[in-house]
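First the structure, in the form of structure tokens, and then the observations on it.
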Amino acid sequence: MTGKVVVVGHCASGKSTVVESLRSRGVDAIAVAQEHSIVDDLWNHQSPEIVIFLDVSLEKIRERKANPDWPEWIYDIQTERLEPARERADLVVDTSVAGVEETLRKITDFLGVS
């Protein structure tokens, strides 16, 4: 079994869904709201063994939030805040193109859990 897994990404990228699924499989996983923090390494405060980054486009966030006017400037700030975690990530999954099941399959395959 793998050690602590930290999941980071933009708002509406799927962090909560992924963490809930991983925990149900016995994985020690936590979602970190790095996108809301000015502490560059908030994600690292959990001493993760594995960092999973969920990428998502602005258009997909707007769709998921049912808000076509969700601000691009917020997305840009989140992208900047997330950059250190993205650079450190062991796995990056673009949830704009991968649905929930595909995202979970990619992550569980990577972690070697079923």
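Below, the figures for the structure above:
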read-out: Subset of the stretch 82-93 [open to solvent by less than 60 Å² (accessible area, probe 1.4 Å) and either over 21 Å from G3 (Cα atoms) or part of a helix (DSSP H, G or I) (or both)]; value: L82, P84, A85
read-out: Members of the stretch 85-114 that are touching a Phe, Trp or Tyr at 6+ places or on another chain (Cβ under 8 Å) and small (G, A, S); value: A85, A89
read-out: Yes/no for S114 being in a loop (DSSP other than H, G, I, E, B) and either surrounded by 14 or more Cβ atoms within 10 Å (Cβ to Cβ) or hydrophobic (A, V, I, L, M, F, W, C) (or both); value: no
read-out: Pairs, first in contact (Cβ under 8 Å) with a residue 12 or more places away in the chain and within 15 Å of K65 (Cα to Cα) in the stretch 10-21, second open to solvent by 40 Å² or more (accessible area, probe 1.4 Å) and assigned to a loop (DSSP other than H, G, I, E, B), C-beta under 9 Å, six or more apart; value: C11/A33; C11/K65; A12/K65; K15/A33
read-out: Members of the stretch 47-81 that are under 20 Å from T2 (Cα atoms) and open to solvent by less than 60 Å² (accessible area, probe 1.4 Å); value: P48, I50, V51, I52, F53, L54
read-out: Neighbours by Cβ (under 8 Å, 6+ apart or cross-chain): first from the stretch 64-78, more than 10 Å from A12 (Cβ to Cβ); second in a loop (DSSP other than H, G, I, E, B) and among the hydroxyl-bearing types (S, T, Y); value: none
read-out: Tally, over the stretch 94-111, of residues that are open to solvent by 60 Å² or more (accessible area, probe 1.4 Å), over 22 Å from N44 (Cα atoms) and assigned to a helix (DSSP H, G or I); value: 6
read-out: Single condition G26 does not satisfy, out of (1) open to solvent by less than 10 Å² (accessible area, probe 1.4 Å); (2) within 12 Å of L111 (Cβ to Cβ); value: (1)
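The values are calculated or read from the model by the stated rules, or taken from the named source; none is laboratory data. Note that the structure is a prediction, hence the values are computed from the model and not measured. Heads up, the Cβs are rebuilt from the backbone with ideal geometry, glycines too, and the neighbour counts pull from every protein chain shown. For accessibility, only protein heavy atoms count, side chains too; no ligands or nucleic acids. Shrake-Rupley method; radii C 1.70, N 1.55, O 1.52, S 1.80 Å.
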